[in-house]
Structures are given as structure tokens and as C-alpha cells.
Amino acid sequence: MIDTEKLDTAILKRLRVMNGEQKGLSTINWSTALREELGYVDPAEVESAMKRLCADGIVRLVKHDDELGGAYEYRLNDGLVIEKRFFGYGSFDVLITDHGRRFLNVPGGKIGFQPA
């Protein structure tokens, strides 16, 4: 199990590089993208981190799915059936909110002693 703060920070680092939005990745794609920095990350942990960041108002999660009515924004009280549809099938977009922009100022390199 990975430290949740490290996972959230790694996701925000990626969003910073992508100018505040990452379109078209699934939880498996996110897991792969974060592997270099964090090692193996279970896609279920990525899903949990996305829900946590959404609950804190830092990101918006949007999925384009005809069965969900086109562009569908994830909400925490959607229920298990919609949740499984949202995270379990294909990709979704992660967009930084205005509130979340202050969290984009995360370190880009490794944290620790840096020689002068």
C-alpha cells in the first residue's frame, strides 16, 4: 500500500506538467504513468486518490460516456453502479479546479538534500 500523501502529490505533479488537466487516462494508465516515481501503484489506489482529490475540491473528474448521458461529471454520492461505470470502463479526464490551483505548486524534483 502506498502513502496517500505521496500518491496525491504525484498526481498533482503530473497535472502541473499537463497545465492542470489530464485527458483520456484510465486508472490503469494513471498507475503506469506514476510507476517511475512511486513504483507499483494499484489502480484501486489511484481510484481512491481521485475520489479523495475530488472530495477535497482539488480536481473535477469528467467522463465522456453515452450511457451516462454524454459528458458526465463524477460526484461522490453517485452510488456504486455509476462509480464502477465511471472508473471501471475506459478513460476519464482529470481537471484542476480553481480551488485546486494552489496545490499545483508541488516540488518537481526529488525531495531531500540538494547540493548547492
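The values are calculated or read from the model by the stated rules, or taken from the named source; none is laboratory data. These figures come from a predicted structure and were not determined experimentally. Here the Cβ positions follow ideal geometry from the backbone for every residue, glycine too, while neighbour counts run over all protein chains shown. Just the protein is used for accessible areas: all its heavy atoms, side chains included, with ligands, DNA and RNA removed. Shrake-Rupley method; radii C 1.70, N 1.55, O 1.52, S 1.80 Å.
For Met1, are the conditions met, namely being surrounded by fewer than 12 Cβ atoms within 10 Å (Cβ to Cβ) and in contact (Cβ under 8 Å) with a residue 40 or more places away in the chain?
Against the criterion (surrounded by fewer than 12 Cβ atoms within 10 Å (Cβ to Cβ) and in contact (Cβ under 8 Å) with a residue 40 or more places away in the chain), Met1 qualifies.
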| Within segment 1-28, can you find the residues that are among the polar types (S, T, N, Q), within 16 Å of Glu47 (Cβ to Cβ) and more than 9 Å from the chain's Cα centre (by Cα)? | Thr4, Ser26
| query | Here are some residues: Leu80, Leu95, Leu76, Leu25. Which one is touching a Lys or Arg at 6+ places or on another chain (Cβ under 6 Å) and either open to solvent by 20 Å² or more (accessible area, probe 1.4 Å) or among the aliphatic types (A, V, I, L, M) (or both)? | reply | Leu95
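Tell me, please, whether a residue that is within 12 Å of the chain's Cα centre (by Cα) and open to solvent by 20 Å² or more (accessible area, probe 1.4 Å) can be found in segment 61-68.
Checked against the condition, which is being within 12 Å of the chain's Cα centre (by Cα) and open to solvent by 20 Å² or more (accessible area, probe 1.4 Å), segment 61-68 yields no hits at all.
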